[in-house]
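Right, one structure below, let's go through it.
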Amino acid sequence: MNLYDLFMYACIILLFLVGFFNIYAAWYFRKHKSCYDAFLVEYKRGGFQLDLSTNVASYLGGYANYQKIVFFVNLKEGREMKFSQSELVHKEAYDFVKMQPDAVTKWMVKLLKIYRVTYLITIAWAMMTAFFIYKFN
């Protein structure tokens, strides 16, 4: 096996991994969709605001699952966020998400990790492919 074959097969394997992880993440979100919907209803019932990307993502079906969960994971982890340049997310919203049982939010954290791994593999695939095209063509 020469270097050309190694890069070609690595690019193909990474591409299949990206596809697999995207399909797995979509399936995993769909598996927990009822839990997400119930959580979202409770969150809104508490009178808390949603950020713009989470609000818009709720109308996009399965195309924006990452945006649907990242806001709540950031709240759970206590990252300071803003709704606008002058308005911070209310402390009560952080407390609400942190008070939820692990069964409600643990799957969101796991899904976010799956998405991050997928993005890293995608970057690796793009770099390998660019190098492959530059070096061997």
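The values are calculated or read from the model by the stated rules, or taken from the named source; none is laboratory data. The shown structure was predicted, so the numbers you read here are calculated from the model rather than taken from an experiment. Cβ placement follows ideal geometry from the backbone for every residue including glycine, while neighbour counts extend to all protein chains displayed. What goes into the accessible areas is simple: the full protein's heavy atoms, side chains included, and nothing from ligands, DNA or RNA. Shrake-Rupley method; radii C 1.70, N 1.55, O 1.52, S 1.80 Å.
Structure summary
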| read-out | value |
| --- | --- |
| Filter pass, A93 being surrounded by 12 or more Cβ atoms within 10 Å (Cβ to Cβ) and touching a Gly at 6+ places or on another chain (Cβ under 9 Å) | yes |
| Candidates F136, F48, filtered to the one that is modelled with pLDDT under 95 and closer than 30 Å to D5 by Cα | F136 |
| R79 being loosely packed, with under 14 Cβ neighbours inside 10 Å and under 13 Å from the mean Cα position of the chain (by Cα) | no |
| Residue within segment 109-117 that is part of a helix (DSSP H, G or I), open to solvent by 50 Å² or more (accessible area, probe 1.4 Å) and free of Cβ contacts under 8 Å to residues at least 12 places away in the same chain present | yes |
| Every pair of residues 6+ apart whose Cβ atoms lie under 9 Å, when the first sits in segment 62-86 and is touching a residue at least 12 places away in the same chain (Cβ under 8 Å) and of a type in the set (D, E, K, R) while the second is part of a loop (DSSP other than H, G, I, E, B) and open to solvent by 60 Å² or more (accessible area, probe 1.4 Å) | K68/L60 |
| Checklist (1) closer than 21 Å to N55 by Cα; (2) open to solvent by 40 Å² or more (accessible area, probe 1.4 Å); (3) modelled with pLDDT of 95 or more applied to V41, failing item | (3) |
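Rundown of residues vs (1) in contact (Cβ under 8 Å) with a residue 12 or more places away in the chain; (2) over 19 Å from the mean Cα position of the chain (by Cα); (3) in a helix (DSSP H, G or I), yes/no style:
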site: L6; (1), (2), (3): no, yes, yes
site: I12; (1), (2), (3): no, yes, yes
site: F20; (1), (2), (3): no, no, yes
site: I23; (1), (2), (3): no, no, yes
site: F29; (1), (2), (3): yes, no, yes
site: Y36; (1), (2), (3): yes, no, yes
site: V41; (1), (2), (3): no, yes, yes
site: N55; (1), (2), (3): no, no, yes
site: Y59; (1), (2), (3): no, no, no
